[in-house]
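A short write-up of the structure that comes next.
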Amino acid sequence: MQFGRYYEEFEVGAVYRHWPGKTVTEYDDHLFCLLTMNHHPLHMDAHYAETASQFKRNVVVGNYIYSLLLGMSVPDVSGKAIANLEIESLRHVAPTFHGDTIYGETTVLDKRESSSKPDRGVVAVETRGYNQDGTLVCVFRRKVMVPKREYAATAVPEGVDPERPSFPEPR
């Protein structure tokens, strides 16, 4: 299974559909909120959400959805990345609720060779997340620095396959 791409493998206009999707549970949402110290009652308090919000139920915290989509894109986009350079934009277009399943896809918008290091390039992508009904819930654009094939050939010691790292022998 491929994990990320070298610069040469990206084509402007290519669309990568990320699989599998992820069904968001109440546990996922609450754990993420607790880990990030976001205790807003819209995410954590069912009674508050039911009585004081337009949605009448808890809304999944948006940064979890963004993080989920970013993670889904790693095998197709940034698995070989040298660096994630920037998040150019991030929009939460529609709410996500407990029990929704999120699917993602990424489009390659642009690519350019690095002006300072010839062994790498910068790829601009847009990732979109949809729920099980096909409703767009989140969209973001980012730039990723990825190696060229020549980098992998010179940066890794001879006999080591960067696609399949070795593991210690069991004792």
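The values are calculated or read from the model by the stated rules, or taken from the named source; none is laboratory data. Not measured: the values here are computed from a predicted model. Every residue, glycine among them, receives a Cβ derived from its backbone with ideal geometry; neighbour counts consider all protein chains shown. Accessible surface areas use protein heavy atoms only, side chains included; no ligands, DNA or RNA. Shrake-Rupley method; radii C 1.70, N 1.55, O 1.52, S 1.80 Å.
Residues that are open to solvent by less than 50 Å² (accessible area, probe 1.4 Å) and charged (D, E, K, R) within region 133-147 comprise just one, 142. For region 106-137, residues that are of a type in the set (Asp, Glu) and closer than 13 Å to residue 22 by Cα total 0. The residues of region 104-120 that are in contact (Cβ under 8 Å) with a residue 40 or more places away in the chain, out of contact with any helix residue (DSSP H, G or I) (no Cβ under 8 Å at 6 or more places or on another chain) and either of a type in the set (Phe, Trp, Tyr) or exposed (fewer than 15 other Cβ atoms within 10 Å of the Cβ) (or both) amount to a single one, 110. Every condition in (1) among the aromatic types (Phe, Trp, Tyr); (2) closer than 14 Å to residue 106 by Cα; (3) surrounded by 15 or more Cβ atoms within 10 Å (Cβ to Cβ) holds for residue 19 except the one numbered (3).
Restricting to region 35-53, what's the tally of residues that are open to solvent by 90 Å² or more (accessible area, probe 1.4 Å) and either in contact with a strand residue (DSSP E or B) (Cβ under 9 Å, 6 or more places away or on another chain) or modelled with pLDDT of 95 or more (or both)? Reasoning before the result, please.
Looking only at region 35-53, we keep the residues that are open to solvent by 90 Å² or more (accessible area, probe 1.4 Å), and these are 35, 37, 39, 47, 50.
After this cut, where a residue has to be either in contact with a strand residue (DSSP E or B) (Cβ under 9 Å, 6 or more places away or on another chain) or modelled with pLDDT of 95 or more (or both) as well, the list is 35, 37, 47, 50.
Qualifying residue count, region 35-53: 4.
Among helices (runs of 4 or more DSSP H) lying entirely in region 1-94, which contain 1 or more residues that are touching a residue at least 60 places away in the same chain (Cβ under 8 Å) and of a type in the set (Asp, Glu)? Break it down into steps so the answer makes sense when it comes.
On the way: elements: 26-35, 41-44, 46-52, 62-73.
Helices (runs of 4 or more DSSP H) meeting the threshold: 26-35.
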